[in-house]
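Participant: Would you mind keeping the following structure in view while I ask a few things?
We did not get these values from a lab; they are worked out from the coordinates using the rules stated. Every value quoted in this text rests on a predicted model; they were computed, and no experiment measured them. Note that each Cβ is placed from the backbone with ideal geometry, even for glycine, and that neighbours are counted across all protein chains shown.
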Amino acid sequence: MPDRRLPPGQHVPREWPTMHYGPVPRFRPERWDFQVYGATESAGAHRWTWPEFESLPATESVSDFHCVTKFTIHDARWTGVAASLLVELAPPHPDATHVMAWAEYGYSANVRIDDFLRSGVMLATHRDGARLPPEHGYPLRLVVPHLYGWKSVKWLRAVEYLTADRRGFWEERGYHNRADPWAEQRYSYQEEPGEGPPLG
Ligand SMILES: Nc1nc2c(c(=O)[nH]1)N[C@H]1C(S)=C(S)[C@@H](COP(=O)(O)O)O[C@H]1N2
Ligand SMILES: [Mo]
C-alpha cells in the first residue's frame with residue numbers, strides 16, 4: 001500500500017542518518033548563549049544563557065522529517081521550546097517577514113515567519129525522550145518539519161528577524177528558497193521568478 005505520509009521521491013531508511021556539512025561543534029555551556037536579534041519590536045537583542053534557556057517552558061511535538069537527499073523519518077518526538085513561544089518572548093517588528101536561523105560556524109537557513117510560526121516548529125533539546133546526541137544538534141536545534149531538513153538548523157545559536165528575505169547557506173548553493181517537500185521544492189531553479197531573493 002502506498003505510504004500517503006511519504007512526499008514524492010522520498011523513502012524510509014532503516015535508521016536515522018546523520019547529515020550535516022562540516023565538523024560537530026563542542027558545547028561549552030559557560031560560553032553558549034542564544035540570541036534573537038535583527039528586526040525585533042524593541043529594536044534590541046534578546047539573550048538567554050544556557051541555564052536561562054533550559055528553564056523556558058517545554059512542549060512536545062511529533063512530526064515527520066524529510067531530507068532533500070530523499071530519506072523521511074516518521075513520528076519523531078521532539079521536546080523543546082515552541083517557535084511560537086519564542087516569538088512571544090522576543091516579538092518581531094511588524095515589518096519582519098522572515099527569520100534567519102544561525103548555527104555554530106556560520107551555517108544558516110532562512111524561513112518565512114508564517115512557516116516559523118507553524119505548529120510543530122520547535123527549538124528542540126530532546127528527540128524521542130533523550131537529550132540530542134552531539135551529531136544531531138546538541139544542545140539545541142531548530143526543527144521545521146514541514147520543510148526539507150536543511151532548514152532544521154542543528155547547533156542553533158541565534159534567530160535573526162529580517163524585513164526582507166535573504167538566502168541561507170544551502171539556499172545560496174542551489175537549493176530551493178522555501179523547500180516544501182510535498183511540492184518537491186528541492187532546487188533553486190524550480191523557483192518561480194520573483195519567488196525568492198536573488199541568488200547570492
Ligand atoms: N548546523 C547545521 N545544521 C544542519 C545541517 C548542517 O550542515 N549544519 N544539515 C541539515 C540537513 S541537510 C539535514 S537533513 C538535517 C539532518 O539532521 P540529522 O543529522 O539529525 O538527521 O540537519 C540540518 N541541519
Ligand atoms: Mo538534508
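Participant: If I filter region 57-67 for residues that are away from ligand 1 (no atom under 12 Å from the Cβ), surrounded by 14 or more Cβ atoms within 10 Å (Cβ to Cβ) and among the aromatic types (Phe, Trp, Tyr), do I get at least one hit?
Facilitator: no
Participant: Looking only at residues in region 164-186 that are under 18 Å from the mean Cα position of the chain (by Cα) and not in a loop (DSSP other than H, G, I, E, B), which one is surrounded by the fewest Cβ atoms within 10 Å (Cβ to Cβ)?
Facilitator: Among them, the one singled out is Trp182.
Participant: Mind listing whichever residues of region 121-161 are acidic (Asp, Glu) and closer than 18 Å to Asp75 by Cβ? Walk me through how you get there before you give the answer.
Facilitator: Of the residues in region 121-161, the ones acidic (Asp, Glu) are 128, 135, 160.
Residue satisfying the conditions is Asp128 alone.
Participant: Out of (1) within 16 Å of ligand 2 (Cβ to nearest atom); (2) surrounded by fewer than 18 Cβ atoms within 10 Å (Cβ to Cβ), what's the single condition that is false for Gly106?
Facilitator: (1)
Each row is one residue, and each column tells you yes or no for (1) farther than 28 Å from Arg186 by Cα; (2) assigned to a strand (DSSP E or B); (3) more than 16 Å from ligand 2 (Cβ to nearest atom).
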position: Thr18; (1), (2), (3): no, no, no
position: Gly22; (1), (2), (3): no, no, no
position: Arg47; (1), (2), (3): yes, yes, yes
position: Leu56; (1), (2), (3): yes, no, yes
position: Ser61; (1), (2), (3): no, yes, yes
position: Thr69; (1), (2), (3): no, no, no
position: Ile73; (1), (2), (3): no, yes, no
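Participant: If you scan region 143-163, which residues turn out to be within 20 Å of Thr125 (Cβ to Cβ), assigned to a loop (DSSP other than H, G, I, E, B) and near ligand 1 (Cβ under 10 Å from one of its atoms)?
Facilitator: If the condition is that a residue be within 20 Å of Thr125 (Cβ to Cβ), assigned to a loop (DSSP other than H, G, I, E, B) and near ligand 1 (Cβ under 10 Å from one of its atoms), then Val144, Ser152, Val153, Lys154, Trp155 are the ones that fit.
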